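Take a look at the structure below.
The values are calculated or read from the model by the stated rules, or taken from the named source; none is laboratory data. Everything quoted here is computed from the prediction, not taken from an experiment. All Cβ positions, even for glycine, are placed from backbone atoms using ideal geometry, and neighbour counts span all protein chains on display. Keep in mind that these areas ignore ligands, DNA and RNA; they rest on the heavy atoms of the full protein, side chains included. Shrake-Rupley method; radii C 1.70, N 1.55, O 1.52, S 1.80 Å.
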Amino acid sequence: DISGFELGVLQTFDFIGIPFISDMGVQANYTYVDTSEGPDKDASGNSLPLAGVSEDTYNLIAFYEGEQVGVRLAYTRRSDYFDKTVFTVSGNNRFIEAPDRLDMQISYNPKQFENLFLTLEAFNLTDEQFTAYQGVSSRFREGREVGRTLSLQAQYKF
């Protein structure tokens, strides 16, 4: 059994009579999942947390959707989560320190080319890194340089 709840809100500003602002909006949500007891057991028979799931997750998205241009900024924050049991000398389990992330998407549909759609996406703008620890956060296990990722896409409908 998994228990928890999610709260979310989506608010567009189309009720405001100002053209630029009426094309904007925000979306936010918070999710709580009870991860204290998953289906797996450690070597001693103790219940392990639900793997891959954070207890707390927050998302905040601000967006603008105009006739030709769309812009979206998405911020995600989640609590550390249990990854798996890794048998080590310490006997502790592996946890992932979940990084905060800021992603962006800009889309453009030029009037001169009605069927052309351009999209620029930027992931991990805050340049957060991957970190894993063994049992407690002071027991570093693994770090990875993740970096920013950019993607430019062009789509044409014939």
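Computed over neighbours whose Cβ is under 15 Å from that of Val71, the net charge equals -4, Lys and Arg +1, Asp and Glu -1. Here is how the number arises for the chain: DSSP H runs of 4 or more residues each give -39500 (n - 2.57), the sum is divided by the residue count, and the result at 222 nm is -500 deg cm²/dmol. Each of [x] 10, 29, 21, 16, 13, 8, 3, 1, 0; [y] 9, 30, 28, 19, 9, 4, 1, 0; [z] 10, 26, 27, 20, 12, 5, 1 is a candidate for P(r) over Cα pairs in 10 Å bins from 0, in percent; the one calculated from this structure is [z]. Taking a probe of 1.4 angstrom, what is the accessible area of Ser137 in Å², to the nearest 10? Using a 1.4 Å probe on the heavy atoms, I get roughly 80 Å².
Rolling a 1.4 Å probe across all protein chains gives Phe63 an accessible area of roughly 30 Å². For the range 1-90, the set of GluC sites (Glu not before Pro) satisfying both a DSSP loop assignment and a count of at most 16 other C-beta atoms within 10 Å is given as Glu37, Glu67. For Pro19, the shell of other residues with beta-carbons less than 15 Å away shows a net charge of -4, using +1 for Lys and Arg and -1 for Asp and Glu. Solvent exposure of the range 4-139 amounts to 61 Å² per residue of accessible area, where only protein heavy atoms count and the probe is 1.4 Å.
Take Lys157: with every protein chain present and a 1.4 Å probe, its accessible area is about 110 Å². Counting charges near Thr131 (Lys, Arg +1; Asp, Glu -1) among other residues having Cβ under 10 Å from its Cβ returns a value of -2.
Counting only residues at least eight positions apart within a chain, or on another chain, the lysines with an alpha carbon under 23 Å from that of Lys111 are Lys157.
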